[in-house]
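Worksheet for the structure shown next.
The values are calculated or read from the model by the stated rules, or taken from the named source; none is laboratory data. Quantities reported herein were computed from a predicted structural model and do not represent experimental measurements. Heads up, the Cβs are rebuilt from the backbone with ideal geometry, glycines too, and the neighbour counts pull from every protein chain shown. Please note that ligands, DNA and RNA were not included when accessible areas were found on the heavy atoms of the full protein model with its side chains. Shrake-Rupley method; radii C 1.70, N 1.55, O 1.52, S 1.80 Å.
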Amino acid sequence: MILRGIAASDGIGIGKAVCVREQSLDYSAVKYGGKEVEKDRLQAAITQFNEKTTAMAEHIRAQVGEKESEILTGQIMMLSDPFMQSQMEEVIDAGQCAEAAVDQVCTMYAEMFAGVDDELMRQRATDVRDIRSRMLAILLWVTGVDVSHLPAGSVLVAHDLTPSMTVGLDKEHVAAILTEVGGRTSHSAILARALELPAVLSVPRVMEQLKDGDSVIVDGSEGTAMVNPDQRTLAEYLAKQEEFLRRKALLAVYRDRETVDAEGNRYALYSNIGSPAEAGAAAEAGAEGIGLFRTEFLFMDRNSVPTETEQYEAYLAVSRIMAGKEVIIRTLDVGGDKAVEYLGMAHEDNPFLGHRAIRYCLDNPDLYKVQLRALLRAGAEEKNIKIMLPLVTSLEEIRGARALLETCKAELEAEGLPYHKDIPLGIMVETPAAALIADLLARECDFFSIGTNDLTQYTMAVDRGNAQVENLYTTFHPAVLRSIRSVITAAQKAGIPVGMCGEAAADPRLIPLLMTWGLDEFSVSSSAVLATRAQIHRWHAAQAAQITQEAMSLSTASGVEGYLQSAVKD
Ligand code: PEP
Ligand code: MG
């Protein structure tokens, strides 16, 4: 059987399916076994909960950090509270099973905490809900897949790849990823590429079509998956896999080279990251800086806003790893497909067009100031940090952020804390509004970075994660290309640097156009750094200019893409 989806992360993965399914925690069929039996069940479940949670905390401490693991140790303390346990026993004394005791007491606490107007208390609500579902899973013998301990050669099959799954993901044991949702620029795809795992997304009903243990070949470059293949297909893909790895190894010669075109003109080649740990990988991969640190990932997989100190440490860590090189840190870009539950953002019918990113941050200055202060302070040491605002549509947003930045500087000054007084402030150009007034915006900010993932989505009016309209989501559309060209021109006229951190920066077919228009900096996933450097090396300015002229004379996306495909073939 051959399944088709969206080619989201290159490479060939061969292994056995491990399906991550949502589990039912319905206990209506459980019969009351009497006071003693139910209390014993409850205590046994608590012991098991504590053992499992301690092991998870250990793993997270080693892989992620002390602070993150404290969330879990805090849960053990909560459940160990004798008062909470006696309340559960009272429910059992009243004739209900252990599951009902856990459910009722945890739900009562969660509601109580959620109703308090205090951030710390609201996080407790999330913790108790988590305790509830994990305790119910233990009592009901519902075993979820533990993605931190997978057998070697697992092909992870899931409805979606959530950031919480990837935090503890046992990367060495994962051969590939298959999901039912997500497009090439969805966050699942970006995560898969950061992990260098082959991935095919938006495979219709893949969870129904596969069962645990099925043999699967995933071709992340073609967007296909072969289920229980015959020997001939297997041999064919083993050879393809070898060829892919051979090509990858060949690129190693570009590791310590400068990023120059065939005539020696220099470009900056940076990397996109989502955590301080990825900064190490970026430096290792030969990146010359960080062009986009997606800080929203620091806010995910936890129960509360990271404190100023936590954020300061994360930003400082990246700044130190990249000492002497630029680090562009984007302020919180929540909303759209990036949910942060504890922020309590309202449900919206059109979240991609809603109260998100810079809009949300400016309306929540207390939260935003924590991040701005952390950035200003982290910038003091190496002075290599630049602040970037997401989803800008107007000058007022830049002015609003700048005003808050000035307030933060005054506060830090008064507190006697060191900070970077002249920290540069730039913007993502990723909305048609920003692209159309790029000349006006360029007067009030220090740099641009073009976010083609969103610029394409908003210019084309196509949800970047919706497989049904995937054919319309294309950066090759003349509207998107003209937009990119005019943004680069506006930056040049204003004399500010312009980069690109959307996925298009790594597309070999677009590289000659971007070079010709004068893009200063390409920021790509770490896994694409060497291939991008190799592509830039290929081109003489005159050749690239000719290709650009021809491409821009065509009037349809498919025409442009087809032409570039053949013109750029290696
Ligand atoms: C973009 O929109 O191009 C971008 C780089 O940001 P994100 O993918 O995080 O939305
Ligand atoms: Mg974006």
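The mean sequence distance of close C-alpha pairs (under 8 Å, at least 6 residues apart), as a share of the length of the chain, puts its relative contact order at 15 percent. With a ≥ b ≥ c taken as the square roots of the eigenvalues of the C-alpha gyration tensor of the chain, please select rounded if a/c is under 1.5 and otherwise prolate if a/b is larger than b/c or oblate if it is not? Since a/c reaches 1.5 but b/c is at least a/b, the shape of the chain is classed as oblate.
Relative to the dominant Cα principal axis of the chain, helix 119-139 is inclined by about 60°.
Shape class of region 334-493 from the alpha-carbon gyration tensor: oblate, with a/c at 1.5 or above and b/c at least as large as a/b. The residues of region 477-556 have, on average, 36 Å² of accessible surface per residue, using a 1.4 Å probe with all protein chains present. The residue among GLY264, SER486, ILE427 whose Cα reaches farthest toward the positive pole of the charge dipole of the chain, with charges on the beta-carbon of Lys, Arg, Asp and Glu, is GLY264. If you bin all the Cα-Cα distances of region 223-355 at 5 Å, starting from zero, the percentages per bin are 2, 8, 13, 13, 12, 11, 12, 12, 10, 6, 1, 0.
Only the Cβ atoms of Lys and Arg (+1) and of Asp and Glu (-1) were treated as charged; on that basis the dipole of region 442-570 about its Cα centre amounts to roughly 300 debye. Remark: region 346-361, residue by residue, has Karplus-estimated 3J(HN,Hα) of 5, 5, 10, 6, 10, x, 5, 10, x, 7, 9, 6, 4, 5, 5, 5 Hz, where x stands for each Gly or Pro and the curve is 6.51 cos²θ - 1.76 cosθ + 1.60 at θ = phi - 60°. Between the helical axis of 35-63 and the longest alpha-carbon principal axis of the chain there is an angle of about 30 degrees. Annotation: amide H of SER221 within the under-5 Å range of GLY11, sequence separation 5 or more or interchain, hydrogens built in the peptide plane.
A cut-off of 5 Å between modelled amide H atoms, ignoring neighbours fewer than 5 places along the same chain, links VAL524 with TYR270, SER271, ASN272.
For the chain, the dipole from Cβ point charges (+1 on Lys and Arg, -1 on Asp and Glu) about the Cα centre works out to 1500 debye, to the nearest 20. When each of the peptides 228-241, 335-348 is scored by how many other beta carbons lie within 10 Å of its residues on average, the order from highest to lowest is 335-348, 228-241.
Compute the Cα gyration tensor for region 1-147, then decide on rounded, prolate or oblate, letting a ≥ b ≥ c be the square roots of its eigenvalues: rounded whenever a/c is under 1.5, prolate when a/b is larger than b/c in the other cases, and oblate in all that remain. It is prolate, given that a/c is not under 1.5 and a/b is the larger ratio. Each residue of region 424-435 was assigned a 3J(HN,Hα) from its phi angle through the Karplus curve 6.51 cos²θ - 1.76 cosθ + 1.60 (θ = phi - 60°); the sequence is x, 10, x, 9, 7, 9, 9, 10, x, 4, 5, 5 Hz, with glycine and proline shown as x.
Computed over region 510-570, the P(r) curve from all C-alpha pair distances, binned at 10 Å from the origin, holds 21, 51, 27, 1 percent per bin. For the set LYS171/LYS569; LYS52/LYS211; LYS240/LYS569, the pairs lying more than 29 angstrom apart at their alpha carbons are LYS171/LYS569. Of the residues GLN371, ALA114, SER526, the one whose Cα sits farthest toward the positive end of the charge dipole of the chain, with +1 on the Cβ of Lys and Arg and -1 on the Cβ of Asp and Glu, is SER526.
Taking chymotrypsin sites (Phe, Trp or Tyr not before Pro) across region 435-490, none is in a DSSP loop with at most 12 further Cβ atoms lying within 10 angstrom of its Cβ.
For the chain, the share of accessible area belonging to carbon and sulfur comes to 53 percent (1.4 Å probe, ligands and nucleic acids excluded). When only Cα pairs below 8 angstrom with a gap of at least 6 residues are kept, region 416-458 shows a relative contact order of 48 percent. 3J(HN,Hα) couplings calculated from phi for region 145-159 with the Karplus curve 6.51 cos²θ - 1.76 cosθ + 1.60 (θ = phi - 60°) are, in sequence order, 7, 8, 6, 8, 9, 9, x, 4, x, 7, 9, 6, 10, 8, 4 Hz; Gly and Pro show x.
Sequence-distant contacts, meaning Cα pairs under 8 Å at least 6 residues apart, place the relative contact order of region 407-548 at 20 percent.
Relative to the longest principal axis of the Cα atoms of the chain, the long axis of helix 395-415 lies at roughly 60 degrees. A convex hull fitted around the alpha carbon atoms of region 182-282 yields 152 Å³ per residue.
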